[in-house]
Amino acid sequence: MTFGASMGAVADSLPVPPIVLGVAVILALALWGWRQYYQFCPHCGALARRVYAGWRRCRRCGRQYRRGLRLR
């Protein structure tokens, strides 16, 4: 039983294998999701939870940071 459509011509015309494209898409989505929940502390550069409202305190340096603060 064969169907009319085939992916052979499409897969052959890609510059990289389809598995590499799939891994790249998954990696891009993971990085985008990571940036929604975490940020770097503007004072010491440590990984810190993202601020949505108010202020947070960095666990590494103990200084407070807010959403729009960009010192580094």
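Read-outs: derived from the displayed coordinates by stated rules, not from any lab. What you see is a predicted model, and the numbers here were worked out from it, not measured in a lab. As a convention, Cβ positions derive from the backbone with ideal geometry for all residues, glycine included, and neighbour counts pool all protein chains shown.
With a sphere of radius 15 Å drawn around the Cβ of G33, what net charge do the other residues whose Cβ falls strictly inside it have (Lys, Arg +1; Asp, Glu -1)?
Working: positive: R35, R49, R50; negative: none.
With Lys, Arg at +1 and Asp, Glu at -1, the neighbours total +3.
What is the distance, in nm, between label points placed 7 Å from the Cα along the Cα-to-Cβ direction at V25 and at R60?
3.5
Relative contact order for region 28-72: what percent, with Cα pairs under 8 Å and sequence separation of 6 or more?
Values: 55 pairs, mean separation 13.8, N = 45.
Dividing the mean separation by the residue count of region 28-72 yields 31 percent.
If one computes P(r) from the Cα atoms of region 28-72, what percent of pairs lie at distances over 15 Å? Mind dumping the intermediate values first?
Working: 374 of 990 pairs.
The calculated P(r) of region 28-72 puts 38 percent of pairs beyond 15 Å.
Treat each spin label as a single point 7 Å out from the Cα along the C-beta direction, and report the R49 to W32 distance in nm.
It works out to 2.5 nm between the two label points.
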